[in-house]
Amino acid sequence: MKSTDLLTIFGILLGFGLVLMGILVQGGSLGAFVDPAGMLITLGGSLGATLISFRLSEMKTIFQVAKKVLIPQEESILDLHARFIELAQKARREGLLVLEDELDEIEDPFFRNGLQMVIDGFEPDSIRSILNAELNSLEGRHQMGQRLFSTIGSYTPAFGMIGTLIGLVMMLAELDDPDAIGPGMAVALLTTFYGVLLANLVFNPIAGKLAIHSEEEVRMKEIIIESLLALQSGINPRLLQEQIKSYFSPQEKMMLEEANKRGDEEDELANV
């Protein structure tokens, strides 16, 4: 089941909230930090440069990529572990062909395609080769998404500085009016403020979060590949369980132990 990554949303809101609070604590006015022209230069210039850097087909994926930040992968590694143990037990009792009934319950196309190849009797080397090719393609798409947001994050400070230079030029043109120098300087510096803030609070952190999600998804896919090949070989479910656990972090192993303990307690209660 998909769940929203509330930590990302909370982090962005917290960052902007604390910056605004800091302005107010210093006795500043929020209105003084609003400059539509500066925002237009910063975001407009960054968007234009990004459009030049990427192809249209790649730019079309920006919303899908952003969605992956807010809505991570559907299945956890513990769910995957439980599913493979169940498949191994069923295959050991009734054979691989009976697993065809399980295909409709698997939402992940990568997993479903791999299991179908196992059921169809493909050679292990062929299965590994096909799935590794799909995995490499997946990693390439992930890297493209990360590069997209990293590129925007690298351009916004630069165009913020360009906006500042534009403001300074306009301010210098009004040197005969001393009263306009102070406000003009403030407006000129706002574009740099916008660029640095957006780059370091939105675009670069999103690129970093995408990298984390990518590493996790690749790890899940690697587990799927190795587990499917083990399943095809008729591995003992207990051995498969230990094989999958080798991919677990210490925290995930603790979570698995707690889940197993709860399951044992429920079984005891059911037998009372």
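A short reminder: the numbers here are calculations on the coordinates, not readings from a lab. Bear in mind that the values here come from a model prediction, so they are computed numbers and not experimental data. Methodologically, a virtual Cβ is constructed for each residue, glycine included, from the backbone with ideal geometry; neighbour enumeration extends over all protein chains shown.
If the cut-off is a Cα-Cα distance under 25 Å, which lysines reach LYS67, setting aside same-chain residues fewer than 8 apart in sequence?
LYS2, LYS209, LYS221
Just need the relative contact order of the chain here, percent rounded to a whole number, with Cα pairs under 8 Å and 6+ apart.
28
In whole Å, how far is the Cα centre of the stretch 111-136 from that of the stretch 35-85?
Centre-to-centre distance over Cα atoms comes out at 29 Å.
For every helix of n ≥ 4 consecutive DSSP H residues, a contribution of -39,500 (n - 2.57) applies; sum these over the chain, divide by its total residues, and give [θ] at 222 nm rounded to the nearest 500 deg cm²/dmol.
It comes out at -26000 deg cm²/dmol, rounded to the nearest 500.
Helix hunt in the chain: which complete DSSP H runs extend at least 30 Å axially by C-alpha with mean Kyte-Doolittle at least -0.5?
Flagged H segments are 124-172, 204-232.
Which FRET efficiency value, to the nearest 0.05, is calculated for GLU222 and VAL196 with the Förster distance at 35 angstrom and r the Cβ-Cβ distance?
Computed FRET efficiency for GLU222 and VAL196 comes out at 0.40.
Sort 206-212, 20-26 by packing, meaning the average of other beta carbons within 10 Å per residue, with the highest value first.
Details: 206-212: 18.6, 20-26: 10.4.
In decreasing order of mean packing, 206-212, 20-26 become 206-212, 20-26.
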